[in-house]
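The values are calculated or read from the model by the stated rules, or taken from the named source; none is laboratory data. These numbers come from a predicted model, not from an experiment. Heads up, the Cβs are rebuilt from the backbone with ideal geometry, glycines too, and the neighbour counts pull from every protein chain shown. These area figures cover heavy atoms from the full protein model, side chains too; ligands, DNA and RNA do not enter into them. Shrake-Rupley method; radii C 1.70, N 1.55, O 1.52, S 1.80 Å.
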Amino acid sequence: MEKINISIIVPFYNEEEGIKVVCEEILSVASKHFDTPWELLLVNDGSSDRTPSIIDSFAQNNVNCRAIHLTPNSGQSAALEAGFSKARGEIIATLDGDGQNDPADLPGLIDKMTQLNVDMLCGIRAERADTLIRKISSRVANALRSHLLKDNISDVGCALRVFRSACLPRIRFFRNAHRFFPALMIMAGYRVAETPVSHRPRLKGVSKYGLGINTRLWVGIADLAGVWWLQKRALRYNLKETEKTRGAFHE
């Protein structure tokens with residue numbers, strides 16, 4: 001099996017209207033800018049529209065594409081975990097399936113992660129193409145999270161990220177874990193940084209993973225409390241085994 005250097009993971013949930021444009025754009029950027037073996041993993045998170053058949057068609061017609069299907073619909077964190085478990089790349093990149101993330105940012109993100117010598121690089125949506133209420137609620141939530149968890153990340157909601165895949169086995173996954181990836185990486189002893197990226201309006205439709213503002217608020221508070229508790233109880237230690245010297249023997 002060919003060694004893969006870069007895996008790009010995109011979760012989709014009922015995104016039939018925009019999948020074709022998103023996938024073609026990613027394939028165009030990757031084929032032009034990546035000079036090492038890469039793959040694109042399209043993850044269907046239990047969609048009830050034509051999403052499954054569309055990503056299957058892309059996988060059949062593009063040698064770099066793979067289609068993964070979850071049943072039932074299990075949420076973005078589950079879709080990402082499924083993609084991580086199947087990815088073969090040394091570097092893993094993620095972005096949303098709604099077209100708001102610009103794939104053209106991926107090569108620069110990967111290069112910058114190497115330059116900064118970090119294990120995860122997060123995008124910051126410098127000029128968000130969202131409603132005012134989403135911008136305000138996101139800013140408040142990010143400020144509270146960063147204050148409690150000390151992850152120093154200003155925009156944890158940006159789905160455009162790159163990771164070193166060797167780090168992921170030590171990350172604890174749970175529902176909505178994707179909102180706390182930087183803190184979870186830091187908790188596991190890894191280095192995290194962030195950098196500005198582009199942000200665009202949705203291609204089609206409305207957010208499929210979003211919750212109502214009131215629901216998102218209470219779910220977010222509960223999740224934040226859980227991660228804060230886990231952070232306080234996390235085991236932190238370095239492990240070293242003494243090498244045997246020559247001449248050592250067993251009785």
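For the reader, a short list of remarks on this structure follows.
- Residue that is nearest to ASN176 (Cα to Cα) [pool: residues in region 86-109 that are small (Gly, Ala, Ser) and modelled with pLDDT of 95 or more]: ALA93
- Any hit, region 61-81, residues being outside any loop (DSSP other than H, G, I, E, B) and over 20 Å from the mean Cα position of the chain (by Cα): yes
- Sub-8 Å Cβ pairs linking a first residue in region 100-112 that is farther than 19 Å from VAL21 by Cα and polar (S, T, N, Q) to a second residue that is assigned to a helix (DSSP H, G or I) and open to solvent by 20 Å² or more (accessible area, probe 1.4 Å), at least 6 apart or interchain, number zero.
Each row is one residue, and each column tells you yes or no for (1) within 19 Å of the chain's Cα centre (by Cα); (2) of a type in the set (Val, Ile, Thr); (3) part of a loop (DSSP other than H, G, I, E, B).
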{"site": "ASN5", "(1), (2), (3)": "yes, no, no"}
{"site": "ILE9", "(1), (2), (3)": "yes, yes, no"}
{"site": "GLU24", "(1), (2), (3)": "no, no, no"}
{"site": "SER31", "(1), (2), (3)": "no, no, no"}
{"site": "THR36", "(1), (2), (3)": "no, yes, yes"}
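- Scanning region 1-21 for residues that are among the aliphatic types (A, V, I, L, M) and open to solvent by 50 Å² or more (accessible area, probe 1.4 Å) yields MET1, VAL21.
- On the stretch given as region 22-35, residues that are at pLDDT 95 or above and open to solvent by 10 Å² or more (accessible area, probe 1.4 Å) total 9.
- Test result for ASP49, surrounded by fewer than 18 Cβ atoms within 10 Å (Cβ to Cβ), modelled with pLDDT of 95 or more and in a loop (DSSP other than H, G, I, E, B): yes
- Residue that is most open to solvent (accessible area, probe 1.4 Å), among those in region 169-187 that are hydrophobic (A, V, I, L, M, F, W, C) and without any contact (Cβ under 8 Å) to a residue 40 or more places away in the chain: ILE186
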